[in-house]
Every structure is written in C-alpha cells, then in structure tokens.
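Let me begin by presenting the structure, written as structure tokens, before commenting on it.
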Amino acid sequence: MTLNRLLTVALLALAPLAAAPAAAEGPATLTVTFTVTDAPTGQIMLSLYDNEAAHDRGGKPVAQAAVPVQQGQAVATSPGLAPGRYAIKAFHDIDGDGKMGMTPFGMPTEPFAFSNNAQAVGGPAPWSASNFAVDGPAAATSITIR
Amino acid sequence: MMLDRRELFSRALAAGLGASLPAEALAAGLAAAAQPQWALALGDVAADIAPRGLTRLHGRLPADLVGTLYRNGPALFRRGDTAVNHWFDGDGLVRAFACHDGGVQLQARFVDTPKRRIETAAGRIVQPGFATPARPGAQVGSADDTNAANTHVIAAGGRLLALWEAGSATAMDMATLATIGPVAFRPDLKGMPFLAHPKVEASGRIWNIGLSGKHAYVYRLSAGGALEAGQMIKLPAASYCHDFTMAARHLIIVLQPWLHEKASLPFSTGMVWRPEQGTRVLVIDKDDLTRQRLFELPALFFFHLGDGWEEADGTIHFDGAFDSSPLFAVEGAPALVEGRYPRSERPMLRLVSLHPDGRARLRDAGITAEFPRNPGGHDGPRPTFHVGGYQPGRPFARSIGRWDWQAGRGQAHDFGAHQIVEEFVPAGPWLIGTTINLKARATELHMMRADRLTDGPVASFRADVALPHSFHGSWLAA
C-alpha cells in the first residue's frame, strides 16, 4: 500500500466526524468488522448511508472509507455518528486499485456485500433489508464478503 | 376415445376408494394417473448416477467407435412443494456414455452450481431462471448464481465445460465428472455470458459470443480453451440468441425479433415478440470484427442453427430449425414441466442464403427438424443431421434424419411413437445418440451409420434408468 493510499484511508475514515450532523443524544461510534473469503489481501471499500432514499436511489453516502484487509479481516470505525438507522454497501477491492472491478458488460468482478449480510437479488440489497440501528458509543456490526 | 379407457379406469378406482383415502393421497394418485407417458422426459433425478453398464439390445458396438459421448440436460425440476416454471430451468446433469470393449458404461453427475447448492440447502426452488421467478430465499449476487449449467457440454483443454448461456462455462473433470468450478477466461471476464453453442474451426480454434442487450462479446479461444482475443461489438437489436453460426471466414449472428426490452427477472418476462421488425442477419469478418454486413429476412424464431459454408462468389449458406413465433418457448416449454402439451412444436428445417448483392433468401426442406448437427468443417456443404418427426399430440422428436441441401433430399429413421429421440452427434462415419424408450421406461444409446440412417441403429444399448431429455453433447474419441 502506498503512502498516498494510506493517507486517503485515514482521511476517509475521518470524514464522518466532519460530516456528521449535530446529534441530539450525543454522537455514536460504529465499528464494522469485515470478514473476506476470496483473498486475504487488498482492501474493503465501503459506503455508509443514513436514509433510504440515498441508499436505494443512488444518492450520496454520509461517509465512505477504505480499510486494509489483514489476515482475512478488516475493521472500519466511524465515530461521531448521529444515533439512528444506517446501512452499508461494501466491496472487497482484491487488487487494491481503489475501484470495483467490472466486466466489459459492467458487472462486478470483485465480491461485495451489504449490512445485515442482506442478500442481493438482481441488484443491491434494499435499505429495508440492510438497515440497522446505531446508538450509543459502541455500536458494532459485522459483514462477511464472499 | 378408446385410449382414455385406462384413465377412466383410474378415475373410477380413485372415486371408489375415495371414501377411505386421505385427500392428499387421492390428489397424488389422480395427478400420477394424469401424467402422460412422455412426462418421463421431464422427470426428476434424485442424485448422481453411479457408473453402471448398459444392456446390449442388438447389434455390436462398431470396432472404430471407441470413446465417450458426453451429454447435458436439465434433470431436476421440482423440490418440496416448488417447481421450476420452464423446461430450461432444471439443474444440469452431465452424462457420460463410455464406449469400449464392445460395451457401454454410463455415469452421470449434476453440475455443482451455486444455484444447486442454494436450493439443496433451502429444499425448495428459489433461484430465478429463464422463466422461473425468484422466490423468498433467493440469492442473486451475479448471473452465475442463477446458472443452471444445463445446456451443452464440450471438451477443451483436458476438461469438460458444462455450458449455459447467460453466465460462465463450468469446468468439470472428464473422468469423474466432478465439478471444478466456473471458468473466467480472464479476470475481468468473470461471470460473463458465454453461449452454450461455441463454434469450432477445423484447426480446433473455438469461437463463441456472450450477449447483453445490444452488445455481444466475441471470444476467440485456442483449441485448448485459452482466451486468444476478446472484443465487444454493438448489435443492431437486443435479440434473444441461443445460438449463432460460423462459416470459414465469418461469424453470423441471427437477430430474431424476440427482443429484450426491459431488464427484469425472470429473464423471459423482459422479452417482446416484434414480428413487424423482421429478422436481421449480422455477418462479421473473423479477421476484423468491425467489418460487418447486415441482411434482412422475414420474422423467424429459432433456437438452433447449423454450420455455415461459403461459396467462391462470397455467398454464405447456413440452415436452422425455424419456427414462426416464440410460442413454444413462452407457453409450450413451461407447460411441459406440468405434464401438459398445449401447443405443438413445428420447427422446420430451412436454409438461409446470403448473397453478395445484399439479398437474403430462404429455402424450405419441408420437414420438421431440431438439434441440427454437422460433421465439422466450413469449406463446403455438409449434411445436416437432425431430430424430427414432430407430430401433433405428443411433444419431442421421434426420428433421426439427415438432410443434404445440394441434393435437396434427406433420409430418416423413425424410432416409433414410444421413443423420444434426443440429439445425435456425428462420430466419424457414425452417428451416436440417446432416446427415452417410453415402453421400457429407460434411456437407450444407439449407433447408426451416418450415410445409411434408413437401416436403423447398427447397435442399441439400454440403461437401467430413465434420464430426462438432454439437450446437447459431444463425442470424444478415445
């Protein structure tokens, strides 16, 4: 991993702190643990959403991050989140090029997953299946990417 | 009707016993009685078929016919209280008929696909397919999660490739039929569509296409099955193509007016028949895929094309099994799973000729035909071997035929009303193929002289099991 990418990872990980709206009940911290099965290398690229419209209809995530895979696992931490419902779309960037690999027909070639390990059915899992609660200082979820 | 006596008897028996039978047993009994004999062609195979010998019925295995006939076709249509909605959506079962030392050994194994694993775990049919909808519990992260690997099997590079059309080829071990896994011809081609009908040059080089809407990806593989080149081309229409064809210097993509108009699952719900648009034939120079010509024909529907050949003046000919509409695909094949036959198949053997002046012409052989196979080579006309004898009242073919376009005549052998005849493939001077004997309720293997079909099989063997109707296969000489 290059220094440049390390910096990007650090910046992306910090992004939610600045982006998080003011929280009435005090900010929450979310820890996401990824387990990968295809290759023990590369990185996890993830997008965190805080509403159904953005998640299901191509809107903006509240945060994005890239975290390195080490020994088949990766951990992302997003502090400063407003308590509420969130959902994650993630993929395993096996070759570490920072992009989802695509076939000439635009279909993904790198493994992907959604929060709650919600299943894709001909497209990304919908918010209704992948949203989960983030409340308190130590919210956690785990996602397996296979 | 005389033939209804047995059914009347069954009903009378069921009605008489009705008072003492639980309702489900009565319903099951009636359902079983109502199943036509041909339903064996869409029966369920519970598990892999361990190696076993076939019984010789008559004749002798030709001394020069040593090798294995590999065949593939759907063989599991129902799980629990669920069923697939279409003949094309059953799990692929690859069968190997090994011919040697005067005898035949059969073994068969299901292709171990994600679809099969998911549905085995669920105990139900849940994955979407050609015409089967996704049900609760479906997992579709990629097209390969719906891949039934049930259409064709070829050998390349020392392994078998079980083929479908909307996803990867699946590699299998030639000796054990164990599934190795999906094949990515290059990392960025993982999960790409790969039609079930690759075309092979005399050199062994393999051409194939994969389709997505108005785009085709053209694969050029070595004889060993390694990717030599791949290129995307744009098509004038988002047609359904189960097959394409090839002449010596050209690839030929026939764009029938059954068009993919919306992305929806299952696949067939996005198709619309637009006969007013006619059929377009795209001819592509194999040496430069950007050099293309387009020909026009009336609206035709087809699944399968024969090999093409070119004349010195540039005229290209190829034949195919053409129907007048996709009604069999839309209504006929789904009903077969339920034991119904509401619509007769009438695939007709026709020759397409594409002339240098831009005209396209159709000629009729005047016979029903499907599963056309040619002996290989694209430098001149070849006989077309085909199944045929389609008749109203019963689905599937009952004869094997040979048609010679140069002579304008053919010959055939009728296996009879009690036989369902599957594709026969050329094997040197022989034709080899399978039938389902509805009287014996067993799969049979037959060998015929390719130039004397009217003599009937020179040898026939019978398995101790009835395997459902297979689609396509390959002969591999030992």
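Quick look at the numbers
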item: Gained length - residue B:105 relative to residue B:222, 0.36 nm times residue gap less alpha-carbon distance; result: 39.1 nm
item: Local electrostatic count at residue B:363 - Lys and Arg +1, Asp and Glu -1, tallied over other residues with Cβ under 15 Å; result: 0
item: Spacing of the two label points (7 Å from each Cα toward its C-beta) at residue B:394 and residue A:38, in nm; result: 5.0 nm
item: Accessible area (Å², 1.4 Å probe, nearest 10) - residue A:75; result: 80 Å²
item: Net charge contributed by nearby residues that have their C-beta within less than 12 Å of residue A:50 (K/R +1, D/E -1); result: +1
item: Probe 1.4 Å - accessible area at residue A:127, Å² to nearest ten; result: 30 Å²
item: Within the stretch B:83-102, backbone nitrogen closer than 19 Å to the virtual label 7 Å beyond the Cα of residue B:50 toward Cβ; result: B:94-98
item: Heavy atoms of residue B:267 accessible to a 1.4 Å probe, total area in Å² rounded to 10; result: 70 Å²
item: Over the protein assembly as shown, volume per residue of the alpha carbon convex hull, in Å³; result: 190 Å³
item: Nearest-20 debye value, the stretch B:42-477 charge dipole, Cβ charges on Lys, Arg, Asp, Glu; result: 500 debye
item: Cα-Cα over 24 Å, subset of A:60/B:190; B:115/B:286; A:99/B:115; B:199/B:262; B:190/B:234; A:99/B:190; result: A:60/B:190; B:115/B:286; A:99/B:115; B:199/B:262
item: Mean ellipticity per residue at 222 nm, deg cm²/dmol - from DSSP H runs of n ≥ 4 across chain B, formula -39500 (n - 2.57); result: -2500 deg cm²/dmol
item: Around residue A:100: net Lys/Arg minus Asp/Glu count, Cβ-Cβ under 14 Å; result: -3
item: B:91, A:97, ranked by accessible area, largest first (probe 1.4 Å); result: A:97, B:91
item: Radius of gyration and Dmax over the Cα atoms of the stretch B:42-477, both given in Å; result: 20.3, 59
item: Protein-only accessible surface order, largest first, of B:373, A:146 at 1.4 Å; result: A:146, B:373
item: Gain in span if fully extended, residue B:248 to residue B:262, counting 0.36 nm per residue against the direct Cα distance; result: 1.5 nm
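The values are calculated or read from the model by the stated rules, or taken from the named source; none is laboratory data. No experiment lies behind these values; they were computed from the predicted model shown. Note that each Cβ is placed from the backbone with ideal geometry, even for glycine, and that neighbours are counted across all protein chains shown. Protein only, heavy atoms only, side chains kept; ligands, DNA and RNA dropped before computing areas. Shrake-Rupley method; radii C 1.70, N 1.55, O 1.52, S 1.80 Å.
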